[in-house]
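Contents: one structure, followed by commentary.
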Amino acid sequence: MDNIHPHIVLFDGECNLCNNFVDYIIRYDKNGEFKFDSLQSTKSKELLTESPFMEQSLSTVVYVKNEKFYNKSTAVLLILHRLHFPLSLAVILLIVPKFIRDWVYSVIAKNRYGWFGKRNTCRIPTEEEKAKFL
């Protein structure tokens, strides 16, 4: 894996909720730490061959931090922790048992297209965003 990008967010490029989350991260990533890619891309699929949960990759956000892979609620909380106050405090939710956090995450993930909609194609970064994508 490439150590140049220690914070990579892989997301469902067709999911409106996921794309809104990426927009939020881009807006509040003041240090420009994050790089992004859709889970549907060839680069993401290659990167995920190193992950312990490749088979569930399209149903979860994946956060790659310094060559370690995180998914579901842990990924979201660790990403928020890197952003501004007060959202950085969300990391305290890691004290909630993972099976509970991931159950809530799974309910949202299962219903995300119905609740938030789905795009016909994956997200295409704007000119301003291109440097933030793999």
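For segment 120-134, taking the residues that are part of a loop (DSSP other than H, G, I, E, B) and within 17 Å of the chain's Cα centre (by Cα), the one that is surrounded by the most Cβ atoms within 10 Å (Cβ to Cβ) is identified as R123.
If the requirement is being crowded, with 20+ Cβ neighbours inside 10 Å and touching a helix residue (DSSP H, G or I) at 6+ places or on another chain (Cβ under 8 Å), which of these qualifies: S38, S51? Write out each step before concluding.
Working: S51 fails: crowded, with 20+ Cβ neighbours inside 10 Å.
Residue meeting the stated conditions: S38.
When V96 is tested against (1) surrounded by 14 or more Cβ atoms within 10 Å (Cβ to Cβ); (2) at pLDDT 85 or above, only condition (1) is not met. A75 satisfies every condition listed in (1) within 12 Å of the chain's Cα centre (by Cα); (2) modelled with pLDDT under 90 except (2). Pairing residues of segment 36-56 that are within 15 Å of P6 (Cα to Cα) with residues that are at pLDDT 75 or above and among the basic types (K, R), at Cβ distances under 6 Å and at least 6 apart in sequence or on separate chains, gives F36/K132; D37/K43.
Restrict the check to segment 124-132 and report whether at least one residue is small (G, A, S) and more than 15 Å from V9 (Cα to Cα).
No - not one qualifying residue is present in segment 124-132.
The values are calculated or read from the model by the stated rules, or taken from the named source; none is laboratory data. Note that the structure is a prediction, hence the values are computed from the model and not measured. Methodologically, a virtual Cβ is constructed for each residue, glycine included, from the backbone with ideal geometry; neighbour enumeration extends over all protein chains shown.
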